[in-house]
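All remarks here apply to the structure that follows.
The values are calculated or read from the model by the stated rules, or taken from the named source; none is laboratory data. Quantities reported herein were computed from a predicted structural model and do not represent experimental measurements. Just so you know, the surface numbers come from the protein's heavy atoms only, side chains and all, with ligands and any DNA or RNA stripped out. Shrake-Rupley method; radii C 1.70, N 1.55, O 1.52, S 1.80 Å.
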Amino acid sequence: HCTMSNMMAGITGSFFLIQRKILVLLRDGRKLMGTLRSFDQFANAVLEGACERVIVGEQYCDIPLGLYVIRGENVVLIGDMDTEREELPPHMIRVSETEIKRAQKVEREAGELRGTMRKRMEFLDFD
C-alpha cells in the first residue's frame with residue numbers, strides 16, 4: 001500500500017499509478033475502488049469505473065458509481081490494489097445493493113438504540 005504523501009513524492013515518478021486499480025479511504029469511512037485516471041498535488045483524484053465497497057458484518061456489496069471525482073481534503077489513504085489477490089476473506093458473502101442497504105439500516109438503528117440506552121443509564125453513575 002502507498003499513501004498519498006508517498007504518491008506525491010516525485011509526481012513525475014508516480015506516473016506508474018495512473019491506469020492502476022486503487023482503493024481510497026475517505027474521511028467519512030467510505031471505501032472507494034476504481035482505476036486512477038488523474039490526481040494532483042492536493043490529492044484530488046479522478047476514478048474511472050469507481051464503486052463503493054460497503055461491508056456490514058460478513059456481507060459486502062460493491063455499489064457502482066461510474067466516473068468519480070474525489071476532493072483531496074476528503075482522502076485519508078490511497079492504496080494500490082493487487083489485482084492478482086482476492087482482497088476479501090473467503091467467508092465474506094456478496095449481497096445485492098438492496099440487502100446491504102437494509103443491513104446498514106439495521107446496524108445504524110442498533111447503534112442508535114445503544115446510545116439511547118447508555119444515556120438512560122447515565123444517572124446510575126457506575127464510577
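Solvent exposure of residue 118, expressed as accessible area, is near 150 Å², computed with a probe of 1.4 Å over the protein chains only.
With θ taken as phi - 60° and the Karplus curve 6.51 cos²θ - 1.76 cosθ + 1.60 applied, the whole-hertz 3J(HN,Hα) list for region 25-42 is 9, 9, 4, 7, x, 5, 10, 10, 10, x, 8, 5, 9, 6, 7, 10, 5, 9 Hz, x standing for glycine and proline. Under 5 Å between amide hydrogens, built in the peptide plane, is the criterion, and for residue 59 it picks out 93 among residues at least 5 positions away or on other chains.
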